[in-house]
Every structure is written in structure tokens, then in C-alpha cells.
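Okay, so here's the structure we're looking at.
Computed from the coordinates by the stated procedures, all read-outs in this text should not be read as laboratory data. The structure displayed is predicted, hence computed values, not measured ones. A quick note on method: Cβ atoms are made from the backbone with ideal geometry, for glycine too, and the neighbour counts reach across all protein chains shown.
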Amino acid sequence: MIYRYRFISEYRAEFGVKRLCRVLGLRRQGFHEWVAGGRAREDAAAAERELVAVIAAVHAEHHRAYGVPRITAELHRRGYRVNHKRVERLMRAHGIAGTTRRKRRSLTTPAPQPVAPVADLIRRDFTADSPGQRMVGDITCVPTFEGWLYLATVIDLHTREVVGHAMADHLRADLVCDAIAVATARGLIDPHAVFHSDRGVQYTSTQFRQALAEARILPSLGRTGSCYDNAVAESFFATLKTEINVPLWRTRNQARHDIFSYLHYYNHHRLHSTIGHRTPHQARTSYSHHHAA
């Protein structure tokens, strides 16, 4: 129908609208209504071009990792009234897509000898009533031309914020102790909070147990070989590596810089679906403001 209306519009000066409508079997009123709606169609097309530009900008700002749900949420934060189906259609039409996660290389090395029994206090319940109560942590590695760089994290289960981290060129227990020390120094872990991890040698070491005891933090350990028992920490590392998307750094310092920048971005700017498409920092500060009020 639209193509025939366009044909009439193009040749009406030569043949006349009445004749062309009769030949094509159309009503003149329908053609004139289509002409009258031309401005509205142009405005709608312009609005769609603007929306595509904003979607592309959001996609670029967030490491080209955001998919439809997070881009839709970010558009809502910016005042655009648009549903996810429209965002999905425009992203597909313009070749805009989020990145997919790579398989993670496991660094969990079980302790060589039996360790003192520690209960699983999380039991795959990755929630917390308030910030500072329940934490999870893990270790990952990134490759550089100088060798591996190892990253240990402490993640708050209420806000999903990375409240502590440490990086080093070794896998000694110092690495995980430093991550806990950063989190406690920031005042983001409450006394008698729970810290959950896998059963790697770093987390079952006497040194780490002492660090937790001094900070009045209760240890919690998942089962050996079960990634689901520490799924939040595993998921964070998969997200980090996918969104940084650097297969190999030249130096450890460059890797440190990029990871530190990403952690700031993750805490302060990246929307997290688990906490209602807010940033982790926003989740923590809004909780504090609500309870202070």
C-alpha cells in the first residue's frame, strides 16, 4: 500500500491523483490521509534515529557489553520512555549486541591436608538483608607478557559491590588477606559478618583464618569442586573478563590499571540486574539514606 501511495505522490503532477488512484484501485481519501501523515512519519523516523544514536552511545560507554535489559534500564534512567521490545528491534536492526562470557580458568587448589572444619553458612543463598553482613570472595588471573596477574575480591551480597580487592604476581595467602584488609579498612564489613569462599589453599590457610578472626569475621566454605556454592564470585569474574575484553596485556601494570578502572566503573556506573538495575554504590548509599531517615 505504502509503495503505491509513494508512486502516486511521485507521478501525480503528470497523471493526476484521480486517474492514478483509479488505475491502482485506491481511494483518493486514503492517499490524501497518507500525505497528511507525512510529517508525523518524518518526526517518528527522526526520533528513532535519535534513539538508535543514544543506544549506540550507551553500548559504547559500557564496554560494548550491555545487552537489551541493561540498555533499556539505562534509557529509563535517562528519561526515555521505551520498552525492551523496541530496544531489541533497533539493536538487532543496527547490529548492536552485548558480549558473551568466556569460560573461566579455575584457580582453586584444594588444601594438601585436612583443614579445621568450617561450615557453609551461605548454602547458595546469595542474599543479605543489609550491606556489610554477608560477603563472598574468590581469586582469578589475567595474562600478561610478564606472566600472570592475580586478583582477589570481596563482594557484598546485599549491594553486589566489590568492597575489597588485591592484585599481585603470586598466589600466596597474603593476596586474600590484603583483599579483606582493604574491605575492613573502608568500614564496609560489619563485626560478625560472614565471608564465604571456596576451599582453595589461600582461604583455608592459618594466615587467612587469623586475618578473619582479627577482623571478627566468620569464615564460610563451599564444597570442593562445586562452582555453584560460590556462584556470585564466579559470575563477577566472568563479567569482568568479558567486559574488559583484553586477551593479553603487555605488562602487569597495564593490567592493574585496567582492572582498577573497571572495578570503579562496576561499582559506580554499571547497572546490576540483581539489585533492580541500580549500581552497587547506589544500592549501598540508598540503603544508608533510607535508614538514616
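Side notes on the structure shown:
- Mean projected area (nm²) of the alpha-carbon convex hull when the chain is viewed from all directions: 22.1 nm²
- For segment 172-293, the orientation-averaged shadow of the C-alpha convex hull comes to 9.1 nm² (one quarter of the hull surface).
- A cut-off of 5 Å between modelled amide H atoms, ignoring neighbours fewer than 5 places along the same chain, links ARG278 with HIS272.
- The alpha carbons of segment 1-94 stretch over 56, 21, 19 Å along the principal axes, in descending order.
- Amide N proximity, segment 128-153 versus ARG216 label position 7 Å along Cα-to-Cβ, cut-off under 14 Å: 133
- Theoretical FRET efficiency, 1/(1+(r/R0)^6), r = Cβ-Cβ of LEU248 and HIS192, R0 51 Å, to 0.05: 0.75
- The calculated FRET efficiency for the pair ARG86 and THR206, based on their C-beta separation and a Förster distance of 51 Å, comes to about 0.35.
- For the chain, hydrophobic long helices are taken as DSSP H runs at least 27 Å long by C-alpha position along their axis with mean Kyte-Doolittle hydropathy of -1.0 or more; these are 38-61.
- Under 5 Å, built H, 5+ apart or other chain: amide partners of PHE195: MET135, LEU218, SER220
- Between ALA40 and ALA13, the simple spin-label model (points 7 angstrom out along Cα→Cβ) gives 2.7 nm.
- Gain on full extension, evaluated as 0.36 nm per residue between LEU263 and CYS141 minus their Cα-Cα distance, stands at 42.4 nm.
- FRET E, pair TYR287, ARG123, Förster distance 22 Å, beta-carbon r, rounded to 0.05: 0.40
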